[in-house]
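Visitor: Here's a structure for you.
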Amino acid sequence: MKPIHSSRNLTIEYDPDTERFQVTVRFNEETIVGYAPAPCPRCGSKSHVSLWELEGPGGDSNLIWLTCAADPPCLIDDEVLRWSREVIFERDWEDV
């Protein structure tokens, strides 16, 4: 796993074997793990995480925003291609 972001309540890692991001959210003594596909929808290359909106299971918004990481990156209107993917949580909160 390649670390992308780590803070007290959130860890985002990239799994090259499955080509997806693993998102771990911690709240008090509970944790939840979710996944989102990583490849660029246009070229299939890797991507960079640029923003996230995560509420956890049952929330209205569980998105990560990605940009193309190809060299050169995919463009749209002369800007690096950006898209969102829903983070799917496999189960509900669990005690840590």
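The values are calculated or read from the model by the stated rules, or taken from the named source; none is laboratory data. All of these numbers come straight from a predicted model, not from anything done at the bench. Note that each Cβ is placed from the backbone with ideal geometry, even for glycine, and that neighbours are counted across all protein chains shown. Quick note on the areas: whole protein, heavy atoms, side chains included, nothing else; ligands and nucleic acids left out. Shrake-Rupley method; radii C 1.70, N 1.55, O 1.52, S 1.80 Å.
Visitor: Taking the options 56, 34, name whichever one is open to solvent by less than 60 Å² (accessible area, probe 1.4 Å) and either farther than 16 Å from residue 4 by Cα or touching a residue at least 60 places away in the same chain (Cβ under 8 Å) (or both). Outline the logic, then answer.
Guide: Values: 34 fails: either farther than 16 Å from residue 4 by Cα or touching a residue at least 60 places away in the same chain (Cβ under 8 Å) (or both).
From the options 56, 34, the qualifying one is 56.
Visitor: In region 24-52, how many are assigned to a strand (DSSP E or B) and under 27 Å from residue 75 (Cβ atoms)? Give the derivation first.
Guide: Taking region 24-52 as the starting set, the residues that turn out to be assigned to a strand (DSSP E or B) are 24-27, 30-37, 47-52.
Next, only the ones that are under 27 Å from residue 75 (Cβ atoms) stay: 36-37, 47-52.
Matching residues across region 24-52 total 8.
Visitor: It is to be established whether one or more residues within region 68-78 are in contact with a Leu (Cβ under 9 Å, 6 or more places away or on another chain) and either charged (D, E, K, R) or touching a residue at least 40 places away in the same chain (Cβ under 8 Å) (or both).
Guide: No.
Visitor: Mind checking which residues of region 1-23 are of a type in the set (S, T, N, Q), part of a strand (DSSP E or B) and in contact (Cβ under 8 Å) with a residue 12 or more places away in the chain? Working first, answer last.
Guide: At the first step, the residues of region 1-23 found to be of a type in the set (S, T, N, Q) are 6-7, 9, 11, 18, 22.
Keeping just the survivors that are part of a strand (DSSP E or B) gives 6, 11, 22.
Selection gives 11, 22.
Visitor: Could I ask something else about it? Of all residues in region 53-96, which are hydroxyl-bearing (Ser, Thr, Tyr) and either over 17 Å from residue 9 (Cβ atoms) or modelled with pLDDT of 95 or more (or both)? So that I can check it myself, show each step before the final result.
Guide: Narrowing region 53-96 to residues hydroxyl-bearing (Ser, Thr, Tyr): 61, 67, 84.
Those that are hydroxyl-bearing (Ser, Thr, Tyr) and either over 17 Å from residue 9 (Cβ atoms) or modelled with pLDDT of 95 or more (or both): 67, 84.
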